[in-house]
Amino acid sequence: MRLNLIIPIAVIVLLGLLGSVFVVREGQTALVLNLGRVARTDIGPGLHFKIPLVETARVFDRRFYASEFSPERYLTSERKDVSVDFVAIGLISDVADFYRATGGQMEVANDRLAPIIKDSMRNEINARTLQQLVSGERAEIIARQLEGVNEAASTLGMRVIDIRLKQIDLPTDSDVISQVYDRMRAERRQVASRLRAEGEEQARIIRAQADRERTVLVAEAERDAQKLRGEGDAEATRIYGEAANRDPSFYAFQRSLEAYRASFADGEGMIVLERDDPFLQYLRSDR
């Protein structure tokens, strides 16, 4: 009979002990609810006790977490439509406020934090051009908005450490993409025109240099040819002179033949000679 009583009592005691103990791990924090009302907060890591059936422990992660939000559409200062995709990195700063505001649900916290961040980002993006958004000024955009975002997020018991702009796109249903493509094509055409102009300039320089070198080469060749012709004529004159000195009569005959050949070169010339002309003396058979 005693054994039958001891076992149930032991089970009840054990369940009571298990129900009165909870563990908070490293990187976590906890609060204790007494009949649904917050009794103790910011409980650090370790083994802790609570009143069974009266108190309830809720444990939360205090490490950094990343919340991704759906892309939001904004207008730049140029009235251009852009879609911005971003992620917020934060943590729970006050577990009691977090529980009261969200019931301890991180999904509820993200839903309430999203409009805070999006509205804050809208003011900053509306004041900047599209080029400024994509030119590396993202850190400056975030730094200017963190203070205001955290002021609003403090009511949720949260603190935002950083906001990262993952991607900035042009919506496919707007005419901004066609404008960007037109601008890119215009820039490419400008670059192509500049390259063609540079190529034509280089071609003109090369052609001018080639023409100058050709002129120099032709002049040098003509100079050398004139020199060679002069030397040839001088040598021919010297040879003719030596030949004339060796046989004056043959030289006179050769010069006469050359003169007559030049006179009748066109085939229509005619000459009238006297009977005792010296030229006819060369045609006589006894010569």
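Summary value for the range 18-157: 21 percent relative contact order, contacts being C-alpha pairs under 8 angstrom separated by 6+ residues.
Close amide H pairs (under 5 Å, H built 1.01 Å from N) link LEU33 with ALA39, THR56, ALA57, ARG58, residues at least 5 positions away or on another chain. Computed from point charges on the beta carbon alone (+1 for Lys and Arg, -1 for Asp and Glu), the dipole magnitude for the range 65-174 about its Cα centre is near 100 Debye. Taken one residue at a time, the phi angles of the range 205-219 give Karplus couplings (6.51, -1.76, 1.60, θ = phi - 60°) of 4, 5, 4, 4, 5, 5, 5, 5, 5, 5, 4, 5, 5, 5, 5 Hz. Gly and Pro are set to x. Reported to the nearest whole Å, the Cα centre-to-centre distance from the range 72-136 to the range 203-270 is 96. Modelled spin labels at GLU107 and SER249, positioned 7 Å past Cα toward Cβ, are 14.0 nm from each other. Taking a sphere under 15 Å around the Cβ of PHE64 and counting the other residues whose Cβ falls inside, with K and R at +1 and D and E at -1, yields a net charge of 0. Between ASP224 and GLN190, the FRET efficiency estimated from the beta carbon spacing at R0 = 41 angstrom works out to 0.20.
Most tightly packed first, judged by the mean number of other beta-carbon atoms within 10 Å of their residues, the peptides 24-33, 84-93 read 84-93, 24-33.
Read-outs throughout are calculated quantities, based only on the coordinates presented, and are distinct from any laboratory measurement. In this text the structure is predicted, and so the values were computed from the model without any measurement. Positions of Cβ are backbone-derived with ideal geometry, glycine not excepted, and every protein chain shown enters the neighbour counts.
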